[in-house]
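A short write-up of the structure that comes next.
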Amino acid sequence: MFTSFAKAFTNLFKKPQTIDYPLTPIVKDRDYRGLIGYGEEACIYCLKCEKACPPGAILFVPVENPPENKQNKKGLKYHYNPYLCIYCSECVRACPKPDEALWQSNKKPEVAVMDDRVNEGWFELEKLKKQND
Amino acid sequence: MKKIKVSLESVRDEIKSFYDYKQWHLLTLNGLALAENKMEVQWIFSKYEAMDEIVVYYTEIENTETIPSIVDMIPSAIISQREIVDMFGVKVDGSEKGLYLDEDSMQRPLSGCSI
Amino acid sequence: MKKTINIPLGSQHISLLEPVRFKFECENEKIISVDSDVGFVHRGIERACTTKFKFDAIGYVVARVCGLCAITHSLSYTAAIEKLLGGEITKKAKYLRILLLELDRVHSHMLCLSHTCENAGFEAMFMRIMGDRELVMEIQELLTGNRVQFDYINIGGVNRDISSEVAQKIVNNLYEVKQRVLGYMDEFTNNWSLSLKFKTIGALSLDDAYRLNAIGPLARASGLNIDVRNEIGYLPFSEVGFVMQTHSEGDINARNIVRLNEILNSILMCENILSGLPEGEIFTKLKGKPNGEAVVRFEAPRGELMYYVKGNGSAMLDRVRIKTPTFASIPAFSHIFVGENYADAPAILASFDPCLSCTAK
Amino acid sequence: MIESIFIIIAPIIGGLLYGFERVVRARMQNRQGPPLLQPFYDMFKLIDKQAFIVNPYHTILGVMHFITLWIVVAFIIMGQNLLYVIFLHLLSSIFLILAGFSVKSVYSHIGSNRELLAALAYEPILIMMAVGFFMVNGSFDIAVIREHGASIVSLFLLFLAYLMVIPIKLKKSPFDATEAHQEIVGGVEIEFSGIFFEFLYMAKWLEYIFVYLLLMLFAGDNILLGIGLFIGVFLLVNLVDNATARIKMKHLITIVLGLGLTLGICNLIGLAYV
């Protein structure tokens, strides 16, 4: 009891442990698991990341709809939903060319607002994907 | 893991003769859908202070059959029994009440509350 | 006139932010009977595991059952699948798994201790333990890349290797945590007001612990030798210095002391692991599809966690059954409340360390 | 003139004191904590909220609790009779207790029960304190007490007893079982909402003024000593709050009534015979 008493008193003269959060940003470690980055030039369209992703946050959807040639992998476009992503980096491990085509950064996603249509936009993509399968 | 098949009638006697409360504890009841309206019910036990000794008593039943309750022997079985009622729709003796609540249940928090 | 009053605790209550309801029938403030209700939020994870996800993704699904014992859930599932696939993982991967498992136990126990203090009305202690818990959270983040959802364990090994700087940081932080924990030990045993709240309150006798199948720190505080780490050969716990911690009193104080001792033991295990970490790969590729049945148990911070997995040789599993520690302890909880004072109920409840997020899987 | 200004701004001073205390408490727990004006931000938020009236008496009693407490503070500032002040303060507590009993909530009932028991424990000490002041100064009038010299030495045991009353009134550990946030969710406060809760919230601030004004009576006309007492006791109460858990009602009554009464009676007997 007296140790807590003394501790409470000495804490009065210490700098608080917590930070003034929205004003002072949190520094994330270099290896923090954050957003997935994508390099289109290096991608070979093997679609391994799409298969590996547990929540299905990576979709390769044809640009033209319906696609003229289903075998044409270059006609696909990479879509990534940071709000669905669980940042497990399964996709990066599955990628044959990690660091060039797909990599993990330590950044957090922006706060989504209604105008972004995060959900609706994504549902449309999922629907498109289903149609073309 | 040792699996022992028992009939639905003898399951209570089998467990009663086997269960020593200072040596074994009930892990859980488990259901397994086998085929159309057939299922397997398992009673999974584990031994205290033994290397991975697990005993599973199981029986195959029709979905309409009632499985006996073992709450009088193992009081902690009540919660698993109530869960299995909800998860598989089987009937358990004396556990007609399920564990989960329907959305329009009167026992739901704030049910009957109108603002 | 009715002589008793019914006091509800939950399903929304300040002392317990989780959806469980205990209905106490009280005489003045003395509890004479308890009714419990746990099924408010059912998420259907067991069902989702068998219908929506392939077996190699389920490790990430079951990790979301609970935030605090995420590692135990994914570890148990992974162990079950590894059993079915019949592969052996490397020794280094095993050691790293224990390392994270024990770090998780340290922070989970600290959370429980702080919560018990808060429910006993000791706000400063709550803040103190929560503040010190950040030391553990920090090294978990360094090790796995995230604070809560570790996603560290993979079928076949672990996802990340440990660098020497991280290892050094873990050793340093754990040393600091150890000093703090010794400080709590002093506080929990010597604080006069805490002893009024904790000693002889909410006791569970050894016989009742056996009878009601109590598990985890709850049972160990009553003197029941049940610790799954002692009962499985899958991970080499005894090699890294695991010692079972028990106490004989069975009251809240005993539970706290057991938890504190377990933290110290876990820290010791982590230090042993880091000093004797074997060289080698962290990942072995396991081929095939799971076929057959497996029951795997692990010691989560709250007690015994069981996974039953049945595969049929395809990518979709037949059945995943999760038995979570809190779920199995509810009968024991209800039993302990009877005869206690309602003023102690929140502290007793917190000392069980209930995890309703696990229960409502 | 100054007195009436003080009376009018008393709740505001109380709010500032409460906000300051929250900052101090946060620092003692080694955290950032809320800004100083947080109680007033809370107030504006509460005013915006929809107010439910459980039953009219409940609400009226809650408002009456606040008004009576304000009058109590006004009486102290104006230097009225100390006995009146103490009994009027009891009346304000009774209003709150009745409000708690007038609704159906179990938590509210338990809170009222505990509040009543706590009043039973601390009221004798307050009355003995008044008697003590009378014996030292020859008058119950606060104005007279303020003109005399410091009485803390001759009333030291009563001062100690009064120290035990402060945590009860300010709802601080170890004697905060009447509010018991984690057990009965604030007790009597639970059924108040919106602007009506605001009255209770402001009553809490007035409680701070009441407690510390009574404390300063021990210093008499020595203003420096009064401020010193205030700072010392303020720190002490918060430090003890940060070093103890909440004890049960049973223990609260045993300790406060047993120890407090003994201390008080010893002091009075001492004053009468020495």
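The values are calculated or read from the model by the stated rules, or taken from the named source; none is laboratory data. Since we're looking at a predicted model, the values are computed, not measured. Heads up, the Cβs are rebuilt from the backbone with ideal geometry, glycines too, and the neighbour counts pull from every protein chain shown. Accessible surface is based on the protein model in full, side chains and every heavy atom, while ligands, DNA and RNA are left aside. Shrake-Rupley method; radii C 1.70, N 1.55, O 1.52, S 1.80 Å.
Within the stretch B:47-75, being out of contact with any helix residue (DSSP H, G or I) (no Cβ under 9 Å at 6 or more places or on another chain), open to solvent by less than 30 Å² (accessible area, probe 1.4 Å) and under 23 Å from C:Arg211 (Cβ atoms) holds for B:Ala50, B:Ile54, B:Val56. For the stretch C:34-55, the candidate set comprises residues that are part of a helix (DSSP H, G or I) and of a type in the set (D, E, K, R); within that set, the residue that is most open to solvent (accessible area, probe 1.4 Å) is C:Arg47.
Condition check: free of Cβ contacts under 8 Å to residues at least 40 places away in the same chain, part of a loop (DSSP other than H, G, I, E, B) and crowded, with 16+ Cβ neighbours inside 10 Å. Does D:Gly33 satisfy that? Reasoning before the result, please.
Numbers: free of Cβ contacts under 8 Å to residues at least 40 places away in the same chain: yes; part of a loop (DSSP other than H, G, I, E, B): yes; crowded, with 16+ Cβ neighbours inside 10 Å: yes.
It is true that D:Gly33 is free of Cβ contacts under 8 Å to residues at least 40 places away in the same chain, part of a loop (DSSP other than H, G, I, E, B) and crowded, with 16+ Cβ neighbours inside 10 Å.
Pairs are defined by a Cβ separation below 7 Å, a sequence spacing of at least 6 or placement on different chains, a first member in the stretch C:15-29 that is within 11 Å of chain D (Cβ to nearest Cβ) and touching a residue at least 40 places away in the same chain (Cβ under 8 Å), and a second member that is open to solvent by 10 Å² or more (accessible area, probe 1.4 Å) and hydrophobic (A, V, I, L, M, F, W, C); the pairs so defined are C:Phe24/C:Val34; C:Cys26/C:Ile5; C:Cys26/C:Ile32.
Quick one: in the stretch A:107-117, of everything that is of a type outside the set (D, E, K, R) and open to solvent by 50 Å² or more (accessible area, probe 1.4 Å), which residue is modelled with the lowest pLDDT?
Filtering the stretch A:107-117 for residues of a type outside the set (D, E, K, R) gives A:109, A:111-114.
After this cut, where a residue has to be open to solvent by 50 Å² or more (accessible area, probe 1.4 Å) as well, the list is A:111, A:113-114.
Numbers: A:Val111: 81, A:Val113: 81, A:Met114: 78.
Checked the stretch A:107-117; the qualifying residue modelled with the lowest pLDDT is A:Met114.
Per this entry, D:Phe44 is counted among residues that are assigned to a helix (DSSP H, G or I), open to solvent by 40 Å² or more (accessible area, probe 1.4 Å) and not polar (S, T, N, Q). Within the stretch C:144-154, can one find any residue that is small (Gly, Ala, Ser), in contact with a His (Cβ under 6 Å, 6 or more places away or on another chain), away from chain D (no Cβ under 14 Å) and farther than 30 Å from D:Leu239 by Cβ? No: the stretch C:144-154 contains no residue that is small (Gly, Ala, Ser), in contact with a His (Cβ under 6 Å, 6 or more places away or on another chain), away from chain D (no Cβ under 14 Å) and farther than 30 Å from D:Leu239 by Cβ. For D:Gly111, the requirement of being more than 14 Å from chain C (Cβ to nearest Cβ) and either at negative phi or open to solvent by 10 Å² or more (accessible area, probe 1.4 Å) (or both) is not met.
Of all residues being free of Cβ contacts under 8 Å to residues at least 40 places away in the same chain and either at positive phi or under 14 Å from the mean Cα position of the chain (by Cα) (or both) in the stretch B:31-51, which is farthest from the other protein chains (Cβ to nearest Cβ)? Just the residue, please.
Of the residues in the stretch B:31-51, the ones free of Cβ contacts under 8 Å to residues at least 40 places away in the same chain are B:32, B:34-38, B:40, B:42-51.
Next, from what is left, pick out any that are either at positive phi or under 14 Å from the mean Cα position of the chain (by Cα) (or both): B:32, B:37, B:40, B:42-45, B:49.
On the way: B:Leu32: 5, B:Asn37: 17, B:Glu40: 9, B:Gln42: 8, B:Trp43: 12, B:Ile44: 6, B:Phe45: 10, B:Glu49: 5 Å.
Only one residue tops the list, namely B:Asn37.
Count, please, the residues in the stretch D:1-26 that happen to be free of Cβ contacts under 8 Å to residues at least 40 places away in the same chain, closer than 12 Å to D:Asn238 by Cα and surrounded by 15 or more Cβ atoms within 10 Å (Cβ to Cβ). Residues that pass the stated criteria total 3. The condition (being away from chain B (no Cβ under 12 Å), outside any helix (DSSP H, G or I) and surrounded by 19 or more Cβ atoms within 10 Å (Cβ to Cβ)) is satisfied by just one residue among C:Leu75, C:Leu68: C:Leu68. Residues in the stretch C:1-57 that are touching an Asp or Glu at 6+ places or on another chain (Cβ under 6 Å) and under 30 Å from C:Asn312 (Cβ atoms): there are none. Determine whether the stretch C:56-65 contains at least one residue that is within 14 Å of chain D (Cβ to nearest Cβ), assigned to a helix (DSSP H, G or I) and either farther than 30 Å from C:Asn253 by Cβ or of a type in the set (Ser, Thr, Tyr) (or both). Within the stretch C:56-65 (the criterion being within 14 Å of chain D (Cβ to nearest Cβ), assigned to a helix (DSSP H, G or I) and either farther than 30 Å from C:Asn253 by Cβ or of a type in the set (Ser, Thr, Tyr) (or both)), the answer is no, since none of the residues qualifies.
Please verify whether the stretch C:113-125 includes one or more residues that are surrounded by fewer than 19 Cβ atoms within 10 Å (Cβ to Cβ), more than 21 Å from the chain's Cα centre (by Cα), of a type in the set (D, E, K, R) and more than 30 Å from C:Ala57 (Cα to Cα). Checking the stretch C:113-125: not a single residue is surrounded by fewer than 19 Cβ atoms within 10 Å (Cβ to Cβ), more than 21 Å from the chain's Cα centre (by Cα), of a type in the set (D, E, K, R) and more than 30 Å from C:Ala57 (Cα to Cα).
What helices (runs of 4 or more DSSP H) lie completely within the stretch C:151-224 and have 2 or more residues being assigned by TED's automatic domain parsing to the domain that holds C:Ala300 and under 22 Å from the mean Cα position of the chain (by Cα)? Full working, then the answer.
Values: elements: C:164-190, C:192-198, C:206-211, C:216-221.
Output list reads C:164-190, C:206-211, C:216-221.
What tally of residues in the stretch A:1-18 results from selecting those that are at the interface with chain D (Cβ under 7 Å from one of its Cβ atoms) and either in a loop (DSSP other than H, G, I, E, B) or open to solvent by 50 Å² or more (accessible area, probe 1.4 Å) (or both)?
Narrowing the stretch A:1-18 to residues at the interface with chain D (Cβ under 7 Å from one of its Cβ atoms): A:1, A:4-5, A:8-9, A:11-12, A:14, A:16-18.
Cutting the leftovers down to either in a loop (DSSP other than H, G, I, E, B) or open to solvent by 50 Å² or more (accessible area, probe 1.4 Å) (or both) gives us A:1, A:5, A:9, A:12, A:14, A:16-18.
Qualifying residue count, the stretch A:1-18: 8.
Under the condition of being in contact with a His (Cβ under 6 Å, 6 or more places away or on another chain) and of a type outside the set (A, V, I, L, M, F, W, C), which residue from the stretch D:74-128 is farthest from D:Lys169 (Cα to Cα)? Steps first, please.
Applying the first criterion (in contact with a His (Cβ under 6 Å, 6 or more places away or on another chain)) to the stretch D:74-128 yields D:92, D:95-96, D:99, D:102-103.
Those still in the list that are of a type outside the set (A, V, I, L, M, F, W, C) too: D:92, D:102.
Details: D:Ser92: 12, D:Ser102: 22 Å.
Among residues in the stretch D:74-128 that are in contact with a His (Cβ under 6 Å, 6 or more places away or on another chain) and of a type outside the set (A, V, I, L, M, F, W, C), the one farthest from D:Lys169 (Cα to Cα) is D:Ser102.
If you check C:Ala300 against the conditions, is it open to solvent by less than 20 Å² (accessible area, probe 1.4 Å), more than 20 Å from C:Ala63 (Cβ to Cβ) and of a type in the set (A, V, I, L, M, F, W, C)? For C:Ala300, the condition - open to solvent by less than 20 Å² (accessible area, probe 1.4 Å), more than 20 Å from C:Ala63 (Cβ to Cβ) and of a type in the set (A, V, I, L, M, F, W, C) - is not met. Total residues in the stretch A:60-80 satisfying the condition of being at pLDDT 80 or above and open to solvent by 80 Å² or more (accessible area, probe 1.4 Å): the figure is 1.
If the condition is being outside any loop (DSSP other than H, G, I, E, B) and open to solvent by less than 60 Å² (accessible area, probe 1.4 Å), then the stretch A:19-55 contributes A:Ile36, A:Gly37, A:Tyr38, A:Cys49, A:Glu50, A:Ala52. Scanning the stretch D:173-222 for residues that are among the aliphatic types (A, V, I, L, M), open to solvent by 20 Å² or more (accessible area, probe 1.4 Å), part of a helix (DSSP H, G or I) and under 15 Å from D:Tyr107 (Cα atoms) yields a total of 1. Restricting the search to the stretch C:98-125, which residues are over 19 Å from C:Glu176 (Cβ atoms) and either within 14 Å of chain D (Cβ to nearest Cβ) or touching a strand residue (DSSP E or B) at 6+ places or on another chain (Cβ under 6 Å) (or both)? Listed by number, the residues that qualify are C:His115, C:Thr116, C:Cys117, C:Glu118, C:Asn119, C:Ala120, C:Gly121, C:Phe122, C:Glu123, C:Ala124.
Inclusion of A:Glu100 among residues that are acidic (Asp, Glu), open to solvent by 60 Å² or more (accessible area, probe 1.4 Å) and outside any helix (DSSP H, G or I) is warranted. Take the conditions open to solvent by 10 Å² or more (accessible area, probe 1.4 Å), aliphatic (A, V, I, L, M) and within 12 Å of the chain's Cα centre (by Cα) and apply them to B:Ile78. Does it pass? Yes; evaluated as a whole, the condition is true for this residue. Any idea how many residues of the stretch C:271-294 are farther than 19 Å from C:Thr50 by Cβ and assigned to a strand (DSSP E or B)? Total satisfying the criteria: 1.
To keep it simple, each residue is scored yes or no on (1) charged (D, E, K, R); (2) surrounded by fewer than 20 Cβ atoms within 10 Å (Cβ to Cβ); (3) free of Cβ contacts under 8 Å to residues at least 24 places away in the same chain; (4) more than 10 Å from chain C (Cβ to nearest Cβ).
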| residue | (1), (2), (3), (4) |
| --- | --- |
| D:Leu224 | no, yes, yes, yes |
| D:Ile231 | no, yes, yes, yes |
| D:Arg246 | yes, no, no, no |
| D:Leu252 | no, no, no, yes |
